[in-house]
Amino acid sequence: MLNRPALQSVLTEINALAQHPVTLVAVSKTQSSATIREAFAAGLRVFGENYLQEALDKQAELSDLPLEWHFIGPIQSNKTRPIAQHFSWVHGVDREKIAKRLSDARLELNLPPLNICLQVNLGGESTKSGVPPSEVEALARQVMNLPGIKLRGLMAIPEPEPDAHRQQARFRELRLLKEQLVSHGIPLDTLSMGMSADYPTALKEGATIVRIGSALFGARA
Ligand SMILES: *Cc1c(COP(=O)(O)O)cnc(C)c1O
């Protein structure tokens with residue numbers, strides 16, 4: 001169920017802290033299509049999903065609504081074609097091979113370039129997904145001219161960090177990395193960072209996309 005007062009306070013926080021237009025991606029993984037309908041009625045248009053089959057099922061049930069879908073989960077290379085077909089954005093790209101397959105699929109399907117973010121594994125994260133900061137620029141150069149994708153920016157999922165100062169330092173690291181790439185001639189306009197527990201801090205560091213689930217829909221089962 002959508003928590004409407006919680007949505008209001010998220011929107012209020014975004015308005016108060018955002019330095020530029022920010023896209024709220026409502027993370028609807030494990031939520032029913034009825035809940036997504038409720039969220040649409042409350043004004044939300046952009047939804048993030050992690051699991052392909054679950055997303056495809058809900059997209060089919062919601063095909064009457066003008067929704068924008070972002071794929072934010074891990075990407076298996078044998079799933080790149082349906083991902084390219086059914087999503088407008090893919091946030092977790094961390095290998096050239098995946099970017100190339102997504103690009104090829106968009107071209108074959110005659111669809112406009114797919115928006116992608118490179119996932120960065122910021123210092124201290126134990127997760128295995130994401131490219132290390134030192135390798136982001138090389139990967140960006142490998143994928144930026146692929147004709148079926150549009151490289152938009154960087155994405156990260158920092159581990160929960162109770163210390164606000166250290167939390168902000170992680171997001172700053174991603175922002176500075178993006179600014180460095182831009183100064184080296186790689187035109188990026190997107191910082192996808194901030195989830196329910198830390199999005200205000202991410203906004204202070206210049207997030208352009210926040211991905212928020214449990215703050216809107218309650219804890220996932
Ligand atoms: C689940 C998920 C989110 C949302 O997390 P919440 O803590 O529920 O806001 C955001 N980004 C990614 C990549 C996720 O997997």
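Any read-out appearing in this document is the output of simple, stated calculations on the displayed coordinates, not a laboratory observation. Note that the structure is predicted; figures quoted are calculated from it, not measured. Reconstructed Cβ throughout: ideal geometry from the backbone, glycine too, with neighbour counts over all protein chains shown.
Condition check for K29 on (1) charged (D, E, K, R); (2) out of contact with any strand residue (DSSP E or B) (no Cβ under 6 Å at 6 or more places or on another chain); (3) touching a residue at least 24 places away in the same chain (Cβ under 8 Å); (4) farther than 18 Å from L154 by Cβ: one failure, at (2). Looking only at the range 3-51, residues that are aliphatic (A, V, I, L, M) and over 20 Å from I209 (Cβ atoms) come to 2 in all. Within the range 19-50, track down each residue that is crowded, with 16+ Cβ neighbours inside 10 Å and of a type in the set (A, V, I, L, M, F, W, C). Residues satisfying the conditions are V22, L24, V25, A26, V27, I36, A39, F40, L44, V46, F47.
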